[in-house]
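In what follows, a single structure is set out as structure tokens and then discussed.
We did not get these values from a lab; they are worked out from the coordinates using the rules stated. Small disclaimer: the values here were computed from a predicted structure and weren't measured. Methodologically, a virtual Cβ is constructed for each residue, glycine included, from the backbone with ideal geometry; neighbour enumeration extends over all protein chains shown.
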Amino acid sequence: MKMTADFAQAVAATAPLILLVGVVEMRMYAQMLRQQHEDDERGSASLRAELAADPDEERQAEIRVELRSRVRRSYIQAALPMGVSVFWVLISIVLATVTYAALDYLAAGAPEGAPGLARWMLTSIMLGMIMLLAIPVATWFNAYFWVPLRAFRELVRERADSQRRGADDASDAAGR
């Protein structure tokens, strides 16, 4: 691979576009995390109020289990956006550096050669392109597979809980 002025111009034009998309995605994920946190707080506030008001120990235990479950769920839901954002930050730094290197190369009169610089630029552009593809694919996968699977598991859990409550009610009635 050989560094050329045409390649440096292409990198200098492409890297900022990928960088811009990355910055927009980082902001979107930050807003999503903030909204998720607010939703979690609102949902947990009513449970905490019920916990403080309800003297029934069995109900308090159920509420505590639900609160722990919500906290676990919020950590799991926050992991992907946080991981993606961190990766975008790292790639953005690389893309900004590559843009600088390409412009510096062009400003120096575009001397022929520098295969290491050309490979570095190509690799960083491809990392950005992979991120541009990976995020929509992961979102698609989540929408079409994980969300329905999660809903199905909740349905199964609710059915099992209602069957267990029905069995408990039946045994209570038989005991009377």
*For labels at residue 82 and residue 157 in the simple 7 Å Cα→Cβ model, what's the distance in nm?*
2.1 nm
*Under Karplus coefficients 6.51, -1.76 and 1.60, residue-wise ³J(HN,Hα) of region 36-46 in Hz, glycine/proline x*: 4, 4, 5, 4, 4, 5, 4, x, 6, 4, 5
*Report P(r) for the chain: all Cα-Cα distances, bin width 10 Å, range 0 to the bin holding the largest distance, values in whole percent.*
8, 22, 22, 16, 12, 9, 6, 3, 1, 0
*Give the angle, between 0 and 90 degrees and rounded to the nearest 10, that separates the Cα long axis of helix 115-141 from the longest principal axis of the Cα atoms of the chain.*
30 degrees
